[in-house]
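Structure first, commentary second.
Bear in mind these aren't lab numbers, they're just calculated from the coordinates by the rules spelled out. Quantities reported herein were computed from a predicted structural model and do not represent experimental measurements. Heads up, the Cβs are rebuilt from the backbone with ideal geometry, glycines too, and the neighbour counts pull from every protein chain shown.
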């Protein structure tokens, strides 16, 4: 399937299309049901190109909004509680990591919204690297938050 003229010229998007027929009847025809299935799948993919290209935007916006709310509520809770010195350091680390995640997600959202149609080249590499870093930060911040609530060995009893 070739890209349209407004896309990069000469580049090809590859995808697998699975077709099947339960019997061999009619396969000798010049245009058979397997060809019809393939054309139908190609037409569907072409019609959904814009939707597929923007599929990452709603979850990214939700993640950015959630991180804003999490940082705000975390700061309010932090200011209203008293901690031991060891626990205070742990809570502050969790708070800084959450803020770093917030900055990362807002930055990724801005990058993605500024290039609504397509991310290419270096921006695509920055975006994908940022998403991987975001997954790592969510894992660490979530683990640390679970440790604060349920104790240091909350995953391994």
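Using only DSSP helix segments of four residues or longer, with each worth -39500 (n - 2.57), what per-residue ellipticity at 222 nm results for the chain after dividing by its residue count and rounding to 500?
On the way: 5 runs with 103 residues, N = 157.
Calculated from helices alone, the mean residue ellipticity at 222 nm is -22500 deg cm²/dmol.
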(message) Using Cβ contacts closer than 10 Å as the measure, can you line up 144, 48 from fewest to most?
(response) 48, 144
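Can you put 33, 67 in order, fewest other beta carbons within 10 Å first?
33, 67
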(request) May I ask you to sort 23, 84 by Cβ crowding, counting other Cβ atoms within 10 Å and putting the fewest first? (result) 23, 84
(request) Give, as ranges by residue number, the residues of the range 125-157 whose backbone N falls under 15 Å from the point 7 Å along Cα→Cβ of residue 87. (result) 145-153
(message) Between residue 40 and residue 68, how high is the FRET efficiency from 1/(1 + (r/R0)^6) when r is the Cβ-Cβ distance and R₀ = 35 Å? Nearest 0.05.
(response) 0.25
(request) Estimate the FRET efficiency between residue 57 and residue 96 by the formula 1/(1 + (r/R0)^6), using the beta-carbon distance for r and 25 Å for R0, to the nearest 0.05. (result) 0.35
(message) I need two numbers for the chain: Rg to one decimal and Dmax as a whole number, Cα atoms only, in Å.
(response) 24.1, 80
